[in-house]
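Notes follow once the structure below has been shown.
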Amino acid sequence: MKQSTSELRVDFVSGAVAHRLRFGGGRGQDLAKAMGLRAGKTPMIIDATAGLGRDAFLLASLGAQVTLIERSEKMHALLTDGMNRAAKEGGAYCEIIDRMTLLKGDAKDLLPDLDGEAILIDPMHPPRKSSALVKLELRQVREIVGTDEDAADLVRVALANATNRVVVKWPAKADPIEGIRACTHHIMGKSTRYDVFMIG
């Protein structure tokens with residue numbers, strides 16, 4: 001039976017997110033390194049394309065204060081629901097959610113008024129040719145938020161407003177986003193690449 005988009009939910013308490021929370025490798029993970037989390041250093045982070053909120057939750061679980069921005073009304077509602085359910089679990093989940101602040105709007109409009117040392121951008125990239133391999137969940141997210149045609153504009157706004165770094169999360173083998181300067185360095189994972197742009 002085909003799973004409908006209405007079944008998509010944001011879940012921080014079970015499944016992949018909970019597993020990553022328990023066994024993910026802490027600050028040694030590629031995302032944490034890319035965002036500048038290291039011993040004695042925990043930057044204020046803005047997740048400019050919140051989506052399912054998993055990266056933000058992971059970063060908050062490592063002690064970072066994270067502001068999430070989501071412009072899709074439906075995705076914002078799913079995030080709100082998921083964060084509320086996680087907070088009700090109490091304990092560590094409640095502490096992590098307390099470090100997460102969710103905003104609704106377009107990051108290009110909101111970033112100039114926010115104080116972010118490190119800004120994470122995970123654009124919804126165009127479907128790969130082997131789209132049959134794309135996970136159902138990712139297809140569902142794409143149905144809600146579409147493809148981020150303005151990703152280059154968002155990166156430029158982020159570069160103008162971050163105080164330490166901007167990180168673009170991108171498929172490992174994909175070409176860089178056109179129209180922005182070359183990144184300072186990148187961290188390569190199996191399927192994901194983090195393009196890091198240092199500021200100043």
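Tabulated data
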item	result
Which numbered condition Ala182 misses (of (1) open to solvent by 50 Å² or more (accessible area, probe 1.4 Å); (2) part of a helix (DSSP H, G or I))	(2)
Residue selected from segment 161-172 under the condition touching a strand residue (DSSP E or B) at 6+ places or on another chain (Cβ under 8 Å) and either surrounded by fewer than 16 Cβ atoms within 10 Å (Cβ to Cβ) or among the β-branched types (Val, Ile, Thr) (or both), by the criterion nearest to Ala118 (Cα to Cα)	Val166
Evaluation of Gln140 against (1) open to solvent by less than 20 Å² (accessible area, probe 1.4 Å); (2) farther than 22 Å from Leu31 by Cα; (3) at pLDDT 95 or above (one fails), failing number	(3)
So Ala151, is it small (Gly, Ala, Ser) and either touching a Pro at 6+ places or on another chain (Cβ under 7 Å) or at pLDDT 90 or above (or both)	yes
Hits in segment 61-83 (condition: within 29 Å of Arg38 (Cα to Cα) and out of contact with any Leu (no Cβ under 7 Å at 6 or more places or on another chain))	Gly63, Gln65, Gly82
Identity of the residue in segment 86-105, among the charged types (D, E, K, R) and within 24 Å of Arg22 (Cα to Cα), that ends up most open to solvent (accessible area, probe 1.4 Å)	Lys88
Meets criteria (at pLDDT 90 or above, open to solvent by 10 Å² or more (accessible area, probe 1.4 Å) and within 28 Å of Asp109 (Cα to Cα)) for Arg9	no
In segment 86-105, the residues that are at pLDDT below 95 and among the acidic types (Asp, Glu)	Glu89
Where a residue in segment 160-173 is closer than 13 Å to Gly36 by Cα and its partner, wherever it lies, is hydroxyl-bearing (Ser, Thr, Tyr) and surrounded by 21 or more Cβ atoms within 10 Å (Cβ to Cβ), with Cβ under 7 Å and at least six apart	Val167/Tyr194
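The rows are residues; the columns are (1) modelled with pLDDT of 95 or more; (2) open to solvent by 40 Å² or more (accessible area, probe 1.4 Å); (3) outside any helix (DSSP H, G or I); (4) under 22 Å from Leu138 (Cα atoms).
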| residue | (1), (2), (3), (4) |
| --- | --- |
| Leu52 | no, no, yes, yes |
| Ala56 | yes, no, no, yes |
| Leu59 | yes, no, no, yes |
| Ile69 | yes, no, yes, yes |
| Lys74 | no, yes, no, yes |
| Leu79 | yes, no, no, yes |
| Asn84 | yes, yes, no, no |
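The values are calculated or read from the model by the stated rules, or taken from the named source; none is laboratory data. Remember, predicted model here, so these are calculated numbers, not experimental data. Methodologically, a virtual Cβ is constructed for each residue, glycine included, from the backbone with ideal geometry; neighbour enumeration extends over all protein chains shown. Ligands, DNA and RNA are stripped out before the accessible areas are found, and what is left, the full protein with its side chains, is counted by its heavy atoms. Shrake-Rupley method; radii C 1.70, N 1.55, O 1.52, S 1.80 Å.
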